[in-house]
Amino acid sequence: MTQRKRVEWARLDNASKIFPAVRSSKDTKVFRLSCELTEDVDEVLLQNALDLTMESFPLFRSVLRQGVFWYYLEISDLIPTVEKESNPICSPIYFGDKRNLLFRIFYFHNRISIEIFHALTDGIGALTFLQSLVYEYLLLKHGEEFSGAMPTLDYRSPVSSKMDDSFEKHFTGIKGPGQSINKQTRKGSEKAYHIKGVKLDENRTKLIEGSMSVSSLLDLSHKYNTTLTVFLASLLLCSIHEEMALKRRKYPVVLSVPVDLRHFFRSATSRNFFFTMKVGYHFKNGAYDLNDVIDTVSKAFTDNLTEEYLRNRLDRLMSLERNPFIRLIPLPLKDLFLRIASKIKDGGISSSISNLGKISMPADLEPFIRQFSVCVSAPRPQVTMGSYKDRAVISFTSPFRETDIQRAFFRFLAKEGIEVEISSND
Amino acid sequence: MQYCNYCKIYIRGKKNKCVLCGNSIPAAHNKEGSSEDESKEAYPAIPPSFQRHLALRIMVFISLTVVVISFTAYLMFPTDINWPLLIVYGLASTWLSLLAIVKKRHNIPKTIIWQVVIMTLLSLFWDWQTGWMGWSVDYVIPITYVAAMLVMYVTARIMRLSVRDYITYALLDGIFGIIPVAFILFDWARVTFPSIICAASSLVFLAAIFIFHGESIKAELNKRMHI
């Protein structure tokens, strides 16, 4: 009670504001990153590695609190502990008033996983943390084998820049030409096809992940003259179409695709810094051509990923957040509005696909690492992927029993000659 | 590793059926170079959790049954006082208070404030429904506020809460304690001494907060009220 320490706190950045408002037991807004090693994990060493890693990620010590007008992150003294995996995938982390850390670290046989509440950071931020953790762990475990020449993790940014709110930093305050954006919003409010299914008990999530060779995937997408992400997004659109009932085909299939803004704006933050864009295809009658779908998706990617377009959207989002009237709305009302807005937005989305991209680790550690994978809490079937060296892992998470989309997706890849290895929590 | 002939895919772990198509998998098909690691289950089997809130369900059921039975009895054997209505009020009050506790249980100072607000409103409601004798304003409200300040202080001590975790709520508590001044000024209270004691103790309480934790309050308010 006599403690007088100045406690640091941080505002939530623009993209994080939505997550505490819209989390529910059906969609926990938790995502998971895993790194599979070639040998079983040692709990004690992992705990030591975690303690070391925490020192360079101050933000990860924060708890989420409710203010009168906004949520905020408050740095706590809590110490995370490593556990053996025993929770369903992406089970809730943030519980309103409970003051707990916004992530958990666990292991299962040879896999180290981190589950994070999305308000804390995005996939790239969490990945940086996991990479550091695995790095520290392998150094503790196999340190003597690197006699003298310790491998270094080169992308370590200063601790302070990891705390940056990059939305704030890159906000110009200049309102850009709004026309093209308005067009996009109007298109966005169109109702999209919704995947239906039988829900799993207790709001559990079904995870089906396919692990395969990156080079064969790349070869396949080059065969269709496109990039990997565009190809997989198109294949997902077609797989969803496969399971669509005839009478529901009047709706377009629309995917939401998160874009890492670190590619477009200089930033080393470990907090949220991303947008989502939409790509869709209207199948109308039954017949379709994968090449056709690819062309449409490819065009959407190029149109939406120009720096000018992104800067416009960033400025628009930020000026909305800075609107004095919006800022003065009490938090419970803001939550309500955000929930309604997100319901409306979800109406325009059938699924989502998110590519974490190529993950790299110091070359000396490669013999100890098998693969990286990523998955998210899912109110609807959605896809996430990541690749490490020549292993790509494509993960489907779904709240439904049905596996038609997953089957169509992986069967297509298998038919094209790719050797797919499936693992599942089923 | 196992192999599904229909999907043409390999499956990790020991599954009886293909996770994609549900067809049973023929005898183990060994892929070259598959190690022991790959036959281990990739994910732990997590048993279903026990039926949650069973106690709560039983309580809801009992409450509803009591209401139904009392109205039935009242209809069959009418009396002058509408006593089943009082039972409904009583149950509603209990539930309101209980739900607030359950919902805010992770933050004890906040729970205290919620209870103070609920008690204030409920006592006014009951007083009004039972013929406005003024006991809520005379006794219940001032005593609740004084008790809340005491409970807040004791909880903070026992639970070793850090200043930032309870100071805002203590401040709110102190401000509530000033309210009974209005009872005296506007002649609402017939018995004034509880209100006087309440106002006096809250002044002392507030003085203590500001003198000893002035900076903390400023920092806390900046944080909680940031726009």
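The values are calculated or read from the model by the stated rules, or taken from the named source; none is laboratory data. Because the structure is a prediction, the values reported are computed rather than measured. All Cβ positions, glycine included, derive from the backbone under ideal geometry; neighbour counts span all protein chains shown. These accessible areas exclude ligands, DNA and RNA; they are computed on the full protein's heavy atoms, side chains included. Shrake-Rupley method; radii C 1.70, N 1.55, O 1.52, S 1.80 Å.
Couple of notes before you dig in:
- Scanning segment A:77-91 for residues that are more than 10 Å from chain B (Cβ to nearest Cβ) and crowded, with 17+ Cβ neighbours inside 10 Å returns A:Pro80, A:Val82, A:Cys90.
Yes or no, residue by residue, for (1) at pLDDT below 85; (2) within 17 Å of A:Ser298 (Cα to Cα); (3) under 21 Å from the mean Cα position of the chain (by Cα):
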site	(1), (2), (3)
A:Asn182	yes, no, no
A:Glu190	yes, no, no
A:Gly197	no, no, no
A:Asn203	no, no, yes
A:Gly210	no, no, yes
A:Leu218	no, yes, no
A:Ser221	no, yes, no
A:Phe231	no, yes, yes
A:Leu235	no, yes, yes
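- When the criteria are applied in full, A:Ile344 meets the requirement of being open to solvent by 30 Å² or more (accessible area, probe 1.4 Å) and of a type in the set (Val, Ile, Thr).
- Answer residue from segment A:250-268, given it is within 30 Å of A:Ala287 (Cα to Cα) and open to solvent by 40 Å² or more (accessible area, probe 1.4 Å) and is modelled with the lowest pLDDT among those: A:Lys250
- Which listed residue is open to solvent by 30 Å² or more (accessible area, probe 1.4 Å) and part of a helix (DSSP H, G or I), from A:Ser239, A:Ser221, A:Ser298, A:Ser234: A:Ser298
- Conditions (1) surrounded by 19 or more Cβ atoms within 10 Å (Cβ to Cβ); (2) within 12 Å of chain B (Cβ to nearest Cβ); (3) in contact with a strand residue (DSSP E or B) (Cβ under 6 Å, 6 or more places away or on another chain); number of the one not met by A:Asn110: (1)
- Residues satisfying the stated conditions in segment B:109-166, i.e. of a type in the set (D, E, K, R) and closer than 20 Å to B:Ile184 by Cβ: B:Asp127, B:Asp138
- Contact annotation: residue pairs with Cβ atoms under 7 Å, 6 or more positions apart or on different chains, pairing a residue in segment B:11-24 that is more than 7 Å from chain A (Cβ to nearest Cβ) and in a loop (DSSP other than H, G, I, E, B) with a partner that is surrounded by fewer than 18 Cβ atoms within 10 Å (Cβ to Cβ) and not small (Gly, Ala, Ser), are B:Lys14/B:Glu41; B:Cys18/B:Tyr6; B:Asn23/B:Tyr6; B:Asn23/B:Lys17.
- The residues of segment A:113-137 that are closer than 26 Å to A:Asp364 by Cα and within 14 Å of chain B (Cβ to nearest Cβ) amount to a single one, A:Ser113.
- The residue list A:Lys98, A:Lys17 contains one member that is within 24 Å of A:Ala378 (Cα to Cα), open to solvent by 60 Å² or more (accessible area, probe 1.4 Å) and among the basic types (Lys, Arg), which is A:Lys98.
- Residue that is nearest to B:Asp138 (Cα to Cα), among those in segment B:162-196 that are open to solvent by 20 Å² or more (accessible area, probe 1.4 Å) and of a type in the set (Asp, Glu): B:Asp187
- Here A:Leu33, A:Leu46 are screened, and the one residue that is within 16 Å of A:Glu115 (Cβ to Cβ), open to solvent by less than 30 Å² (accessible area, probe 1.4 Å) and more than 22 Å from the chain's Cα centre (by Cα) is A:Leu46.
- Boolean, A:Arg316 is away from chain B (no Cβ under 14 Å), open to solvent by 60 Å² or more (accessible area, probe 1.4 Å) and either in a strand (DSSP E or B) or more than 28 Å from A:Leu37 (Cβ to Cβ) (or both): yes
- Condition met for A:Arg262 (among the basic types (Lys, Arg) and either within 23 Å of B:Leu20 (Cβ to Cβ) or in a loop (DSSP other than H, G, I, E, B) (or both)): no
- Taking the criterion of being without any contact (Cβ under 8 Å) to a residue 60 or more places away in the chain and surrounded by fewer than 21 Cβ atoms within 10 Å (Cβ to Cβ), the residues of segment A:359-387 that qualify are A:Ser360, A:Glu366.
- Test: residue in segment B:159-173 that is at negative phi, in contact with a strand residue (DSSP E or B) (Cβ under 9 Å, 6 or more places away or on another chain) and within 14 Å of chain A (Cβ to nearest Cβ): yes
- The lone exception for B:Lys40 - which of (1) of a type outside the set (Phe, Trp, Tyr); (2) within 45 Å of the chain's Cα centre (by Cα); (3) at pLDDT 85 or above; (4) open to solvent by 40 Å² or more (accessible area, probe 1.4 Å) it fails: (3)
- Enumeration of residues in segment B:197-227 that are exposed (fewer than 15 other Cβ atoms within 10 Å of the Cβ), under 23 Å from B:Thr144 (Cβ atoms) and within 14 Å of chain A (Cβ to nearest Cβ): B:Ala208
- Strands (runs of 3 or more DSSP E) fully within segment A:328-426 that include at least 1 residues being more than 14 Å from every other protein chain (Cβ to nearest Cβ) and either touching a strand residue (DSSP E or B) at 6+ places or on another chain (Cβ under 8 Å) or under 26 Å from A:Asp201 (Cβ atoms) (or both): A:351-359, A:369-376, A:382-388, A:391-398.
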